[in-house]
1. Do we find a residue being over 30 Å from residue 182 (Cβ atoms) and in a helix (DSSP H, G or I) anywhere in region 73-81?
2. So, residue 110, is that one in contact (Cβ under 8 Å) with a residue 12 or more places away in the chain and either among the small types (Gly, Ala, Ser) or loosely packed, with under 14 Cβ neighbours inside 10 Å (or both) or not?
3. Would you pick out the residues in region 158-199 that are within 21 Å of residue 22 (Cβ to Cβ) and among the hydrophobic types (A, V, I, L, M, F, W, C)?
4. Give me the residue from region 84-107 that is assigned to a strand (DSSP E or B) and not hydrophobic (A, V, I, L, M, F, W, C) and, out of that set, surrounded by the most Cβ atoms within 10 Å (Cβ to Cβ).
5. Restricting the search to region 113-160, which residues are surrounded by 18 or more Cβ atoms within 10 Å (Cβ to Cβ) and polar (S, T, N, Q)?
6. Look at region 116-146 and say how many of its residues are within 21 Å of the chain's Cα centre (by Cα) and either outside any helix (DSSP H, G or I) or not β-branched (Val, Ile, Thr) (or both).
7. Looking at region 186-198, which of its residues are exposed (fewer than 12 other Cβ atoms within 10 Å of the Cβ) and assigned to a helix (DSSP H, G or I)?
8. Working carefully through the options 232, 268, find the one that is farther than 30 Å from residue 6 by Cα, modelled with pLDDT of 70 or more and polar (S, T, N, Q).
Amino acid sequence: MSYIKEFIVSPGGKVQLNKIDPSYTDKHESHETASPHIQEHLKRMSQLQYLLYADADQSLLVVLQALDAGGKDGVIRHLFSGMNPQGTKVFGFKQPSKDEATHDFLWRAHLRVPSKGDITIFNRSYYEDVLVVRVHNLVEKKIWSKRYDLINDFEKILSNNGTRIIKFLLYISPEEQLERFKQRLDDPSRNWKISDADYSERELWPKYIEAYQEALERTSTHHAPWFVIPANHKWFRDLAISEIITDTLEEMGLKLPSTHVNMDDIRNKYHAAEQGQSINANGKTEKKSG
């Protein structure tokens, strides 16, 4: 089964999150059976990132969205820690700064989209401006309701410039979220993750689901598709996302760029240097002086 086909939100299709099982694990029963596949994907992701960076003609933007405790940090830690940091960047979308708030809602996103050759991961994203903004009535409906089309236009611009976009909703159940909150309470090393808003936001779960469903339906496109990932089991989440990223990079037709030097000349210079010689302007080898 291709997880791209299984979890994609078909462009123009309807989304009913309550009909998706967040505990789904396909044919896998445990982390032990999934782990070899995850490791295989991670190895291939690293190889493909090298090609992406070397070619420097395309880029990849990975958008991670989830309700609180959905596992965004875990995805970044488990799936991207082996990437070359020179070509990988992560940006977390928090409450806009004073400067960011004085610009349009997409301004800070455009500043941080990947350069050609790079992979960028957005931990939350510009989608907060049709999610939390909507749920908390931070702006009027007549404002946020226009943002879906603006987001689609923005992503189309990126796509036309060679940026491949894949967007993931890490979908967990309310019960799993509560269990993860408990783990934060019980583990002193994770107490720092606890927020006063954790439980008040839980009360808004139905509103968030409604907001997510409309965002998925209105902004999943062929050039920037959404994937709903069952994420109650962290290991299955990692398996599905790593496969989708690997398959997406494979689809991009990445290859090493052609060389811009005469390789025979370079080899001759290497062999001459190896023998303590140099090559003069006439292409002749001569013994180095001194």
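The values are calculated or read from the model by the stated rules, or taken from the named source; none is laboratory data. This structure is a prediction, so every number in the text was calculated from the model and none was measured. Using ideal geometry, Cβ is built from the backbone for each residue, glycine included, and neighbour counts are taken over all protein chains shown.
1. The answer is no, given that none of the residues of region 73-81 is over 30 Å from residue 182 (Cβ atoms) and in a helix (DSSP H, G or I).
2. On the way: in contact (Cβ under 8 Å) with a residue 12 or more places away in the chain: yes; either among the small types (Gly, Ala, Ser) or loosely packed, with under 14 Cβ neighbours inside 10 Å (or both): yes.
Yes: the conditions hold for residue 110.
3. Once the filter is applied, which keeps residues that are within 21 Å of residue 22 (Cβ to Cβ) and among the hydrophobic types (A, V, I, L, M, F, W, C), region 158-199 yields 166, 168, 169, 170, 172, 178, 181.
4. Among those residues, the one meeting the criterion is 88.
5. Those that are surrounded by 18 or more Cβ atoms within 10 Å (Cβ to Cβ) and polar (S, T, N, Q): 120, 123, 125.
6. 15
7. If the condition is that a residue be exposed (fewer than 12 other Cβ atoms within 10 Å of the Cβ) and assigned to a helix (DSSP H, G or I), then 186, 188, 189, 191, 192, 197 are the ones that fit.
8. 268
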